[in-house]
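Everything on this sheet refers to the single structure shown next.
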Amino acid sequence: MSTVDHHTFVVERDLPGTPAHAFRFWAEPALKRRWTDCHPEWTVLEDLFDFRVGGVEAKHWRMPDGQEMTFHARYLDIVPGQRILYAYEMTFGGQRVSASLATVELLRADSRTRMKFTEQAAFLTGGDGARRQRIGGTEDVFDGLVELIRQDLAGGQ
């Protein structure tokens, strides 16, 4: 009996502006931090960002209760303004909790960009609750991305 929960999910968002503009929010470290640093109460212990094919993105946090969490990704494919493909793993308390393959597609839709994020995940612990938390967290962070891009285009950085 397998204890791995395999799940694929898709999150789509309409982003203001062009795919090239939206791509910047994935590729530029300062812009990416603005929408992914969503827990100001967590202490950042490691922060690496090497956005290129073969490059690594890694975060290591300590939460207020002392627990530690990591995100470690390797970029597998990047087509500027169009596509990003990366594999990543997450740990909690020193134990790997999931491993995923994620694809970001940025598609022109009139004067907007249709972002399609597909994640193929293997949850190693936490079952249904971990899956629901990941999907909900992903949706929330992408809602923040939409708002950040909207503010940026309105000149309100």
Checklist outcome for this item: Residue span Thr125 to Val4: 0.36 nm per residue of separation minus Cα-Cα distance leaves a gain in nm of 42.8 nm
Item to check | Local electrostatic count at Glu139 - Lys and Arg +1, Asp and Glu -1, tallied over other residues with Cβ under 14 Å | outcome: -1
Checklist entry - For the range 37-157, what is the per residue volume of the convex hull drawn over the alpha-carbon atoms, in cubic angstrom? => result 125 Å³
Next on the checklist: Rounded to whole Å, give me the distance from the Cα center of the range 126-157 to that of the range 1-48.
Outcome noted: 8 Å
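By how many nm would the segment from Glu28 to Gln82 grow when fully extended, if each residue of separation counts as 0.36 nm and the alpha-carbon distance is taken off? List each step's numbers first, then the result.
On the way: separation 54, 0.36 × 54 = 19.44 nm, distance 1.51 nm.
The span from Glu28 to Gln82 would gain 17.9 nm if fully extended.
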Checklist entry - What spacing in nm lies between the two simple spin-label points modelled at Asp65 and Asp14, each 7 Å away from Cα in the Cβ direction? => result 3.9 nm
Next on the checklist: Could you derive backbone 3J(HN,Hα) for the range 23-40 from the dihedral phi with the Karplus parameters 6.51, -1.76 and 1.60 (θ = phi - 60°), listing whole Hz in sequence and x where the residue is Gly or Pro?
Outcome noted: 4, 4, 6, 9, 8, 9, x, 5, 5, 5, 4, 5, 10, 9, 7, 9, 10, x
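Can you send over the carbon and sulfur percentage of the accessible area for the range 75-123, probe radius 1.4 Å, protein chains only?
On the way: 1120 of 2290 Å².
Reported share for carbon and sulfur atoms: 49 percent.
What size of dipole, in debye to the nearest 20, comes out for the chain about its Cα centre when the only charges are +1 on Lys and Arg C-beta atoms and -1 on Asp and Glu C-beta atoms? Mind dumping the intermediate values first?
Details: 19 positive and 23 negative charges, 77 e Å.
Rounded to the nearest 20 debye, it is 380 debye.
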Checklist entry - Can you give the Rg and Dmax of the range 50-97 based on its C-alpha atoms, in angstrom? => result 13.2, 40
Item to check | Accessible surface, the range 75-157, averaged per residue in Å² (probe 1.4 Å) | outcome: 50 Å²
Next on the checklist: Please compute the modelled spin-label separation between Lys116 and Asp47, points set 7 Å along Cα→Cβ, answer in nm with one decimal.
Outcome noted: 3.3 nm
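The values are calculated or read from the model by the stated rules, or taken from the named source; none is laboratory data. What you see is a predicted model; the values in this text were computed from it and never measured. Reconstructed Cβ throughout: ideal geometry from the backbone, glycine too, with neighbour counts over all protein chains shown. Note: accessible area is taken over every heavy atom of the protein model, side chains too, but ligands, DNA and RNA are not part of it. Shrake-Rupley method; radii C 1.70, N 1.55, O 1.52, S 1.80 Å.
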